[in-house]
1. Find the residue count for region 201-228, including only residues that are over 21 Å from Ala129 (Cα atoms) and touching a Gly at 6+ places or on another chain (Cβ under 6 Å).
2. Can you pull out the residues in region 151-194 that are in a loop (DSSP other than H, G, I, E, B) and either within 13 Å of the ligand (Cβ to nearest atom) or open to solvent by less than 30 Å² (accessible area, probe 1.4 Å) (or both)?
3. Output the qualifying pairs, or none if there are none: Cβ atoms under 8 angstrom, residues six or more apart or on different chains, first residue in region 120-133 and β-branched (Val, Ile, Thr), second residue more than 16 Å from the ligand (Cβ to nearest atom).
4. Hand me the list of strands (runs of 3 or more DSSP E) wholly inside region 72-145 holding 3 or more residues that are buried (at least 18 other Cβ atoms within 10 Å of the Cβ) and in contact with a strand residue (DSSP E or B) (Cβ under 7 Å, 6 or more places away or on another chain).
5. Can Val57 be described as within 28 Å of Ile123 (Cα to Cα), modelled with pLDDT of 95 or more and surrounded by 12 or more Cβ atoms within 10 Å (Cβ to Cβ)?
6. Restricting attention to region 213-235, does a residue exist that is assigned to a strand (DSSP E or B) and among the hydroxyl-bearing types (Ser, Thr, Tyr)?
7. Determine if region 207-218 includes at least one residue that is under 23 Å from Glu45 (Cβ atoms), surrounded by fewer than 22 Cβ atoms within 10 Å (Cβ to Cβ) and at pLDDT 95 or above.
8. Would you please name the residue that is farthest from the ligand (Cβ to nearest atom), looking only at residues in region 251-264 that are open to solvent by 20 Å² or more (accessible area, probe 1.4 Å) and in a loop (DSSP other than H, G, I, E, B)?
Amino acid sequence: MPKPIKKAVLPVAGLGTRFLPVTKSVPKELLPIVDTPLVQYAIDEARAAGIEEFIFVNGRSKGAIEDYFDHAWELQSLLKERGKDSELEALTALMPGPGKTAFIRQQEPLGLGHAVWCAKSYIGDEPFAVMLVDDLVVSDTPCLAQMIEVYNETGGNVVAVENVPREHTNRYGVLDIGETRGNRVEVKGLVEKPAPEDAPSTLSIIGRYILLPEVMSHLDAHETGAGGEIQLTDAMAKMLGDKPFHGLQFEGIRYDCGSKLGFLHANIALAMARPEFTDGLLPLLKDAVAKAEKP
Ligand code: G1P
């Protein structure tokens, strides 16, 4: 059995320019899907996959993320005074345990590869997960748990992938694929944000990775790639041939909550899936649709 995956790196320093104006003062990772911030969904998914240590690579002016994972004493004592014990317990259960979160700064926005590299000394020689909070995955088995199963069998890198329309390949890291077995593909090559006509396939990486620690030494070089940024995809490509590398067409639905449309979709879908909202929301949605369709 390869070394277990115990740590996740969450790059959260992005300025959220696709989500203005709210991201002027609210970190996009704290935007709610129904009533729960995006970042909480990622933490829940990771904890359900057995990961208990979280390294947030944060940036200036986004301290609210750190506060979110701390006790809120005034609120908690108020809930206690008012006898709202179940609300209090539910709040505390959401937090990783004491000493299980670390917040480090990415001082400059130099790219995803650079953000991951900033966590190097916290990772040491252990394999780890990377989670991009914008991608919310709803599935029966947590997406990361599905990936860890592949890692446990292969001992190599694993990325979660899905087919995207060819005209969207320039938004993703895209796989050049070898042998396919069920929902698992062997990775022969990786390209960051290729133009549709150059993309080796349409199988694109979503924000979930299981990586061997060797990726950090490739990131040490600080080489820039697509968009002039230090790309994680390029560092991963350097590991091809050395270690097994697979793409997993995960079971589940991924919502791209970094885009306003994806965020709205996730809010509607997850609200409709909550029994306390289904009956109330349905007529409201029908009414909104009818109004939008009126000539
Ligand atoms: C990043 C990665 C890209 C990946 C994508 C998934 O791009 O660089 O390879 O496919 O996340 O969301 P970004 O969305 O940060 O531009």
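1. Looking only at that region, the number is 0.
2. If the condition is that a residue be in a loop (DSSP other than H, G, I, E, B) and either within 13 Å of the ligand (Cβ to nearest atom) or open to solvent by less than 30 Å² (accessible area, probe 1.4 Å) (or both), then Gly155, Gly156, Val164, Tyr172, Lys193, Pro194 are the ones that fit.
3. Taking only residues 6 or more apart or on different chains, the pairs are Ile123/Lys7; Ile123/Ile55; Ile123/Pro213; Ile123/Met216.
4. Working: elements: 101-105, 128-131, 135-138.
Answer list for region 72-145: 128-131, 135-138.
5. Values: within 28 Å of Ile123 (Cα to Cα): yes; modelled with pLDDT of 95 or more: yes; surrounded by 12 or more Cβ atoms within 10 Å (Cβ to Cβ): yes.
So Val57 fits the description; yes.
6. First, pick out the residues of region 213-235 that are assigned to a strand (DSSP E or B): none.
There is no residue in region 213-235 that is assigned to a strand (DSSP E or B) and among the hydroxyl-bearing types (Ser, Thr, Tyr).
7. First pass over region 207-218, keeping only residues under 23 Å from Glu45 (Cβ atoms): 207-213, 215.
From what's left, surrounded by fewer than 22 Cβ atoms within 10 Å (Cβ to Cβ): 213.
With at pLDDT 95 or above added as a condition, the list becomes 213.
Checked against the condition, which is being under 23 Å from Glu45 (Cβ atoms), surrounded by fewer than 22 Cβ atoms within 10 Å (Cβ to Cβ) and at pLDDT 95 or above, region 207-218 yields at least one hit.
8. Per the stated criteria, the residue is Glu251.
The values are calculated or read from the model by the stated rules, or taken from the named source; none is laboratory data. In this text the structure is predicted, and so the values were computed from the model without any measurement. Methodologically, a virtual Cβ is constructed for each residue, glycine included, from the backbone with ideal geometry; neighbour enumeration extends over all protein chains shown. The protein model used for the area step is the full one, side chains on, heavy atoms only, and it has no ligands, DNA or RNA in it. Shrake-Rupley method; radii C 1.70, N 1.55, O 1.52, S 1.80 Å.
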